[in-house]
Amino acid sequence: MADGNGLKIASRANYQRDTYVFSFNSGSASTHDLEIGDSGKTYLTHCTFARTINLPAPATGASYKFIVTNSTVASTINCESTQLYGVYTDAEGVTAVSGSTTVNINTAAALGDWLEFLSDGNNWYVRGQCAADNGFTVG
């Protein structure tokens, strides 16, 4: 990462993006505790069984992307005690996320809907796109 003078700033995080794609497609309900080393990965949320996905503690530059590939059962993405901020758009318009700790992927979510989480080291910021109303909800 470079500052305005083009110098490398070694103290800043350098997490790769979109390096790996993983599918949450196990044969039973499951809980997934993501680690900071999982940053930059894209997850396909094949939700035929309930999933609970726990983000790690915020770290500057950490990011995770989730793409819905099937949603017949609701799943939850948690950031524990850290608060979420940001917006996602659905069929009804823009939904602001402010101070929540959970985003739900509901059965109304459609293939290709997505959520992306990015951290500044203190909070998680979310943005996303959902074709149907109430495909995602915050809790």
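The values are calculated or read from the model by the stated rules, or taken from the named source; none is laboratory data. Quick caveat: nothing in here was measured; it's all calculated off a predicted structure. Positions of Cβ are backbone-derived with ideal geometry, glycine not excepted, and every protein chain shown enters the neighbour counts.
Summary table
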{"read-out": "Number of positions in the range 88-105 that are under 23 Å from ALA57 (Cβ atoms) and touching a residue at least 24 places away in the same chain (Cβ under 8 Å)", "value": "8"}
{"read-out": "Close pairs from the range 106-131: first β-branched (Val, Ile, Thr), partner surrounded by fewer than 14 Cβ atoms within 10 Å (Cβ to Cβ), Cβ under 7 Å, at least 6 apart", "value": "THR107/THR72"}
{"read-out": "Candidate set: the range 98-125, residues that are surrounded by fewer than 21 Cβ atoms within 10 Å (Cβ to Cβ) and among the hydrophobic types (A, V, I, L, M, F, W, C); chosen: the one nearest to SER39 (Cα to Cα)", "value": "LEU118"}
{"read-out": "Strands (runs of 3 or more DSSP E) within the range 1-105 that include 3 or more residues at pLDDT 70 or above", "value": "30-33, 42-47, 51-54, 63-71, 75-78, 84-90, 93-100, 102-105"}
